[in-house]
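Comments concern the structure below.
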Amino acid sequence: REENMLLKSGKHNWTIVRPYLTYSETRLQLGFFEQNAWLLRAISGKTIVFSEDLSSKYTTMTYGKDVARAISLLVGNEKAFGETVNISCGQSLLWNDVLNIYCDEIEKCIGKRVPVKIVERAPIENYPTEKWTYLYDRLYNRRFSNKKLLTMVGEVTFVTPEDGLRHCIREFIKSPNRYGYSVAEQALFDRITGEHLTKREISSLRDIATYVLYRYFSRETIKEIKGIVRKIIK
């Protein structure tokens with residue numbers, strides 16, 4: 001809708017920029033899982049959960065610094081006025097290939113292979129906020145060309161997805177960031193893999209209570225328990 005407003009404006013003093021899936025040393029996605037859902041789990045020796053429905057789909061992942069550089073070359077660039085530009089590295093790969101790159105590099109860093117449990121369908125019921133990302137993005141083959149971009153900014157070099165992802169994995173493992181880590185999310189993974197809470201995941205009694213709720217009870221039961229607690233507090 002925003003793009004249509006520009007296209008119908010009758011002016012050309014704008015450029016529509018469409019970056020796709022970017023990654024960096026502080027953000028590495030696996031399907032719709034953010035890195036603190038799966039990567040911290042992996043380097044602590046627990047099983048990664050992934051799904052067949054996503055593993056066979058193509059994605060296009062581009063290093064964030066490359067995207068930023070490309071955007072900077074479009075700003076004020078007359079060749080880009082009134083144009084819509086996809087910004088990507090121009091190389092696509094299967095999500096299954098992404099998973100293997102991650103696992104290979106993690107193994108090099110920590111000295112052991114990360115176990116992976118493949119389920120038939122992504123557990124999207126546990127991620128209501130990611131429902132539309134899953135249904136209308138990740139389940140489609142997302143392959144992009146950057147030829148139009150290069151005609152506007154010249155020969156910009158993009159790091160290959162494999163080299164970039166490996167670099168970012170190494171950098172993250174050097175100083176892992178636990179910002180955004182969710183005990184509830186890990187409990188849901190443990191329910192699928194049959195694993196249990198580790199000392200690294202505990203920081204308070206609240207964490208233990210959260211883990212027990214999400215590890216052993218259904219979403220409906222959790223809602224009922226939360227409702228009862230709210231009434232008690234009131």
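The values are calculated or read from the model by the stated rules, or taken from the named source; none is laboratory data. What you are looking at is a predicted structure, and each value in this text was computed from that prediction instead of being measured. Glycine gets a Cβ as well: all are built from the backbone with ideal geometry, and neighbour counts include every protein chain shown. The protein model used for the area step is the full one, side chains on, heavy atoms only, and it has no ligands, DNA or RNA in it. Shrake-Rupley method; radii C 1.70, N 1.55, O 1.52, S 1.80 Å.
Cross-link partners of Lys231 among lysines, defined as those whose alpha carbon lies under 20 angstrom from its own and excluding same-chain residues fewer than eight positions apart: Lys223. Name the shape class, rounded, prolate or oblate, that the alpha-carbon gyration tensor gives for segment 80-151, where a ≥ b ≥ c are the square roots of its eigenvalues, rounded holds for a/c under 1.5, and otherwise prolate holds if a/b is larger than b/c and oblate otherwise. Judged from the Cα gyration tensor, segment 80-151 comes out oblate (a/c at least 1.5, b/c at or above a/b). Surface analysis of the chain yields an accessible area of 56 Å² per residue, using protein heavy atoms and a 1.4 Å probe.
Loop-located GluC sites (Glu not before Pro) in segment 146-201 (DSSP state other than H, G, I, E, B) with a sparse environment of at most 15 neighbouring Cβ atoms within 10 Å: Glu155. Residues within the reach of a label modelled at His196 (point 7 angstrom out along Cα to beta-carbon, backbone nitrogen below 19 Å), restricted to segment 41-62, are 44-48.
Full extension of the chain segment joining Trp132 with Arg69 gains 19.8 nm, where the gain is 0.36 nm per residue of separation less the Cα-Cα distance.
Counting only protein heavy atoms and a 1.4 Å probe, tell me what percentage of the chain's accessible area is made up of carbon and sulfur.
Using a 1.4 Å probe with all protein chains present, the chain comes out at 52 percent carbon and sulfur.
By a 1.4 Å probe calculation restricted to protein chains, Arg27 has an accessible surface near 90 Å², given to the nearest 10. Note that segment 94-234 shows a convex hull volume over its alpha carbon atoms of 189 Å³ per residue. Rounded to the nearest 5, the antiparallel percentage of DSSP beta bridges internal to the chain is 25%.
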